[in-house]
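The values are calculated or read from the model by the stated rules, or taken from the named source; none is laboratory data. Just so you know, these numbers come straight off a predicted model, no measurement behind them. Positions of Cβ are generated from backbone atoms using ideal geometry, with glycine treated the same way; all protein chains shown enter the neighbour counts. Remember, those area values only see protein heavy atoms, side chains included, never the ligands or the DNA or RNA. Shrake-Rupley method; radii C 1.70, N 1.55, O 1.52, S 1.80 Å.
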Amino acid sequence: MALVLNEEQRLLQDTAKDFFTANAPVEALRTLRDKGDATGYSTELWKTMAELGWAGIILPEAYGGLDFGFMGLGLVLEESGRTLTASPMFSSVVVGASTILLGGSSRQKETLLPEITTGQLTLALALEESHHHRPTTIATRATAEGANYIINGRKTFVLDGHSADKLIVVARTSGEQSESEQGLTLFLVDARAPGISCQRTTMADSRNCANISFDNVIVSAEDAIGEIDAAWPVLEAVLDRARIAIAAEMMGCALEAFDRTVGYLKERVQFDVHIGSFQALQHRAAHMQSEIELCRSVILQALSTVDDSPEQLPLIASLAKAKLNELVKLISNEAVQMHGGIGVTDELEIGFFLKRARVTMQIYGDTGFHKNRYARLCGY
Amino acid sequence: MKQELSLENLDQFREETRAWLEENCPPSQRQPTTPDQQYWGGRRSSFPSEDAKLWFERMRDHGWVVPEWPRAYGGGGHSDLEGKIIKQEMKRIKARAPILSIGIWMLGPALLEYGTEEQKQQHVRAIVNGDIWWCQGYSEPGSGSDLASVQMKAEDMGDHYLVNGSKIWTTKADKADWIFCLVRTDPSVKKQLGISFLLIDMETPGISVTPISLISGESEFCQTFFDNVKVPKNNLIGKLNTGWSIAKALLVHERKLMAEMGSETPRAAIAPNAAAREYLEFENGQIADPQLRGELVDYDMNMHAIGLTHFRTFEERQEKVHSAAAMVMKYVGTEAEKVKSELLLAIMGSQGLGWEGEGFSEEEIDTLRLWAMSKAMTIAGGTSEIQLNVIAKNVLGLPQS
Ligand SMILES: Cc1cc2nc3c(=O)[nH]c(=O)nc-3n(C[C@H](O)[C@H](O)[C@H](O)COP(=O)(O)OP(=O)(O)OC[C@H]3O[C@@H](n4cnc5c(N)ncnc54)[C@H](O)[C@@H]3O)c2cc1C
């Protein structure tokens with residue numbers, strides 16, 4: 001049964017729910033924001049999450065992982081989406097570790113994955129170069145020089161880029177055009193290497209991002225992940241996993257905003273009745289419930305596709321990301337509107353969901369990007 | 001371990017099903033169809049073709065007209081999962097349903113749940129064998145969405161009920177042999193508590209039927225008048241004045257059916273992305289019109305999600321997991337059907353506007369007729385607005401106004 005959770009999975013979800021509610025509620029994000037926390041997430045919390053095994057949840061047991069697959073990962077991410085918990089789980093585990101797992105040499109896997117699993121090492125993917133997701137439009141260059149490569153270029157919207165220990169840089173190693181799937185290579189670079197300058201960017205959702213520039217950064221050819229010039233298949237496979245994982249987090253974000261809104265409809269009284277008795281609001285809420293049900297099936301199918309039939313990923317990944325983009329947009333907007341005046345105050349947490357929704361909508365492809373990709377995959 | 005074993009058995013079941021269908025389903029019955037080329041059963045019925053007859057009789061004798069119903073009443077005695085596999089395998093080879101039947105879709109499940117042994121013996125096998133064509137007498141001129149306000153009276157005359165009133169929008173009442181009705185048996189109590197569920201033979205004196213023409217050009221449904229109609233007392237299903245709960249249980253089947261219509265029945269109507277290839281210009285492998293390309297991808301994505309959700313609701317039923325998914329499917333499924341029809345019309349341009357005659361292919365005309373019919377899908381079986389009311393109340397628990 002791919003679309004119904006089993007006992008073990010339900011248990012994991014309950015554990016995650018209890019954990020995030022107790023240790024990292026939305027209030028925790030507010031605190032990080034208000035005190036301008038230097039790391040942007042609680043390193044203590046991350047340590048505990050790693051102790052629970054979640055930093056290695058998708059990794060094989062050989063590297064100290066839990067090997068729960070993406071279904072397990074998705075459940076934890078969904079719960080962390082409900083509480084808007086800031087952690088490097090997505091950037092370091094889903095994106096970083098997947099890249100090493102899918103593209104790395106056995107030496108890289110053996111040295112890096114166990115460290116990711118214990119939470120000691122964090123990774124970030126330095127991919128985007130413009131304000132829209134264009135994974136094959138890469139102008140950053142890595143030029144061979146003896147046994148090394150010299151990297152020059154500028155990256156933006158690097159998730160957890162300012163706090164990661166190591167960066168995975170997508171660079172062009174051959175070809176003149178800046179827009180091509182060919183000629184791309186992935187490099188593992190120390191985040192503090194000479195020539196790297198990192199500017200932390202303060203985003204709407206109070207999570208962590210960075211603009212990073214590379215000025216003659218020297219990296220050994222041995223630190224290439226996978227083949228030179230041939231990174232695209234690995235990168236695409238990683239991105240599809242990332243899109244599905246972030247969609248699972250977005251599901252949690254949407255569900256929580258929706259639950260809080262339905263709760264408010266049952267509590268707020270105007271004209272001597274609960275506002276939830278107004279049909280204008282009931283129908284909009286019921287419509288949102290319908291969209292949630294469709295998205296729920298898409299997410300479950302997408303997560304199990306990663307685990308069971310990864311060759312079918314592109315279509316379902318684009319479906320999941322596009323659908324969840326639309327869902328979080330709809331629900332976060334309606335959530336604010338249905339709360340009335342208090343909905344636009346910083347005091348109420350609904351605004352945090354609205355802002356997180358907007359940032360996630362841009363991560364690894366906006367709605368237009370994925371609809372276009374889905375259409376192409378369907379042959380039109 | 002146990003589960004693995006049963007899965008293996010199911011694989012075997014699938015293979016046997018496949019082999020049986022391969023041998024028994026005539027090739028002509030694996031073509032897309034329109035409802036009027038299909039067998040509906042009934043006293044006055046005739047098969048549209050020899051192959052249709054052969055196909056129906058083979059399925060009937062094999063117990064596969066309704067695989068999930070008990071063998072004692074002509075069903076196949078199969079589990080839901082086996083039934084699903086049979087449907088999947090039929091769909092895979094594009095096999096037609098051997099019979100279209102409101103009796104199977106709606107009345108049968110209610111009879112099996114609420115009928116007496118005698119009633120089941122009398123009616124269920126007749127449904128499976130295609131002997132009786134049923135129609136549904138719920139709506140009245142004054143009672144549509146507010147179904148519980150039905151007025152058609154059934155008075156207890158000692159040895160029979162005397163029925164007076166009228167039903168409307170009764171699909172295929174002019175062809176049907178019997179009608180199942182909601183009738184008012186107690187006007188003095190809260191409206192839901194004075195309704196009974198009554199079966200009436202359409203040949204009973206006092207019944208007359210007037211067809212109503214639809215915007216699709218068909219006359220699918222009728223107004224049915226009942227003038228001093230005498231109905232035997234053992235035609236009452238369930239207890240007197242408990243018809244409302246039977247009606248509601250039956251509506252669940254109707255809504256599930258309508259939700260699945262788009263994705264389950266093989267029809268002549270072309271899929272929008274196939275139509276796009278035929279009717280639209282492409283540039284560099286893409287549909288040149290950005291608006292239509294956008295609408296098409298929205299539709300395809302939505303149908304992809306709906307298909308997965310049908311699958312999920314099925315798995316949930318298997319696992320006895322309760323979720324809201326089943327409750328939203330009538331709404332999302334029928335709304336999607338309307339979108340599909342609009343999209344097809346837009347893709348075909350003026351070729352999609354042909355009503356009849358020369359200048360248009362059969363498929364084009366059919367597309368337009370189905371477009372008109374699609375407007376009815378969000379009305380019949382409870383309107384979209386009523387579906388949203390039900391979700392708001394039963395899923396979200398919102399207070400009633
Ligand atoms: C193709 C087709 C086949 C049918 N077949 C049958 C059949 O075989 N047997 C049978 O008995 N009936 C049948 N019907 C009837 C069908 O069930 C009714 O048409 C339907 O329930 C709506 O009732 P109504 O037409 O009286 O519309 P009304 O109830 O008058 O509705 C008019 C409008 O008001 C809206 N509305 C009504 N109440 C509310 C509310 N509380 N909140 C918000 N909006 C509301 C509706 O959504 C609709 O938009 C069929 C209908 C169609 C279209």
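List of remarks:
- When we screen B:Ser245, B:Ser208, B:Ser188 for residues that are free of Cβ contacts under 8 Å to residues at least 40 places away in the same chain and in a helix (DSSP H, G or I), the only hit is B:Ser245.
- Flag for A:Glu79 being closer than 29 Å to A:Glu347 by Cα and touching a helix residue (DSSP H, G or I) at 6+ places or on another chain (Cβ under 8 Å): yes
- If you go through the stretch B:273-293 and keep only what is in contact (Cβ under 8 Å) with a residue 40 or more places away in the chain and more than 10 Å from chain A (Cβ to nearest Cβ), you end up with B:Ala275, B:Tyr279.
- Meets criteria (farther than 30 Å from B:Ala326 by Cβ and under 18 Å from the mean Cα position of the chain (by Cα)) for A:Val76: no
- Taking the listed residues B:Leu296, B:Leu368, B:Leu308, B:Leu353, the one that is within 10 Å of chain A (Cβ to nearest Cβ), open to solvent by 10 Å² or more (accessible area, probe 1.4 Å) and either more than 14 Å from the ligand (Cβ to nearest atom) or modelled with pLDDT of 95 or more (or both) is B:Leu308, with no other qualifying.
- Taking the stretch B:378-387 as the range and being open to solvent by less than 40 Å² (accessible area, probe 1.4 Å) and either part of a loop (DSSP other than H, G, I, E, B) or within 7 Å of the ligand (Cβ to nearest atom) (or both) as the test, the residues that pass are B:Thr378, B:Gly381, B:Gly382, B:Thr383, B:Ser384.
- The stretch A:1-22, subset more than 14 Å from chain B (Cβ to nearest Cβ) and touching a helix residue (DSSP H, G or I) at 6+ places or on another chain (Cβ under 6 Å), residue nearest to B:Thr313 (Cα to Cα): A:Leu12
- Test: residue in the stretch B:331-345 that is open to solvent by 20 Å² or more (accessible area, probe 1.4 Å) and small (Gly, Ala, Ser): no
- Of the residues making up the stretch A:9-23, not a single one is in contact (Cβ under 8 Å) with a residue 24 or more places away in the chain and outside any helix (DSSP H, G or I).
- Residue within the stretch B:228-242 that is away from chain A (no Cβ under 14 Å), within 14 Å of the ligand (Cβ to nearest atom) and not in a helix (DSSP H, G or I) present: no
- Number of positions in the stretch A:279-295 that are facing chain B (nearest Cβ under 7 Å) and open to solvent by 40 Å² or more (accessible area, probe 1.4 Å): 2
- Check on B:Ile212, modelled with pLDDT of 85 or more and open to solvent by 40 Å² or more (accessible area, probe 1.4 Å): yes
- Of all the listed residues (A:Ala28, A:Ala62), the sole one being without any contact (Cβ under 8 Å) to a residue 60 or more places away in the chain, in the same structural domain as A:Pro114 (by TED's automatic domain parsing), part of a helix (DSSP H, G or I) and open to solvent by 50 Å² or more (accessible area, probe 1.4 Å) is A:Ala62.
Yes/no matrix, rows are residues, columns are (1) out of contact with any His (no Cβ under 6 Å at 6 or more places or on another chain); (2) at positive phi; (3) near the ligand (Cβ under 9 Å from one of its atoms):
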{"residue": "B:Asp131", "(1), (2), (3)": "yes, no, no"}
{"residue": "B:Met152", "(1), (2), (3)": "yes, no, no"}
{"residue": "B:Gly165", "(1), (2), (3)": "yes, yes, no"}
{"residue": "B:Trp169", "(1), (2), (3)": "yes, yes, yes"}
{"residue": "B:Cys181", "(1), (2), (3)": "yes, no, yes"}
{"residue": "B:Pro211", "(1), (2), (3)": "yes, no, no"}
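- Residues that are open to solvent by 20 Å² or more (accessible area, probe 1.4 Å), more than 23 Å from B:Gly137 (Cα to Cα) and within 13 Å of the ligand (Cβ to nearest atom) within the stretch B:390-401 comprise B:Lys393, B:Gln400, B:Ser401, listed in sequence order.
- Residue in the stretch B:58-65 that is at pLDDT 95 or above, closer than 17 Å to B:Pro27 by Cβ and either open to solvent by 10 Å² or more (accessible area, probe 1.4 Å) or part of a loop (DSSP other than H, G, I, E, B) (or both) present: yes
- Number of the exception - B:Gly217 against (1) more than 14 Å from the ligand (Cβ to nearest atom); (2) open to solvent by 30 Å² or more (accessible area, probe 1.4 Å): (1)
This table checks each residue for (1) in contact (Cβ under 8 Å) with a residue 60 or more places away in the chain; (2) more than 16 Å from the ligand (Cβ to nearest atom); (3) aliphatic (A, V, I, L, M).
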| site | (1), (2), (3) |
| --- | --- |
| B:Leu100 | yes, no, yes |
| B:Leu107 | yes, no, yes |
| B:Ala110 | yes, no, yes |
| B:Tyr114 | yes, yes, no |
| B:Lys120 | no, yes, no |
| B:Asp146 | no, no, no |
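- Hits in the stretch A:361-380 (condition: part of a loop (DSSP other than H, G, I, E, B) and either open to solvent by less than 30 Å² (accessible area, probe 1.4 Å) or facing another protein chain (nearest Cβ under 9 Å) (or both)): A:Ile363, A:Tyr364, A:Gly365, A:Cys378, A:Gly379, A:Tyr380
- Taken together, A:Ile244, A:Ile225 contain a single residue that is open to solvent by less than 10 Å² (accessible area, probe 1.4 Å), at pLDDT 95 or above and assigned by TED's automatic domain parsing to the domain that holds A:Ala147, which is A:Ile225.
- The lone criterion from (1) within 16 Å of the ligand (Cβ to nearest atom); (2) not in a loop (DSSP other than H, G, I, E, B) left unmet by B:Ala176 is number (2).
- Residue in the stretch B:259-268 that is under 30 Å from B:Met327 (Cα atoms), crowded, with 20+ Cβ neighbours inside 10 Å and touching a residue at least 60 places away in the same chain (Cβ under 8 Å) present: yes
- Test set (1) within 12 Å of chain A (Cβ to nearest Cβ); (2) assigned to a helix (DSSP H, G or I); (3) more than 18 Å from the chain's Cα centre (by Cα); (4) under 24 Å from A:Arg284 (Cβ atoms) - B:Val339 fails condition number: (1)
- Single match in A:Val262, A:Val298, A:Val234, A:Val273 (criterion: within 19 Å of the chain's Cα centre (by Cα) and within 13 Å of chain B (Cβ to nearest Cβ)): A:Val298
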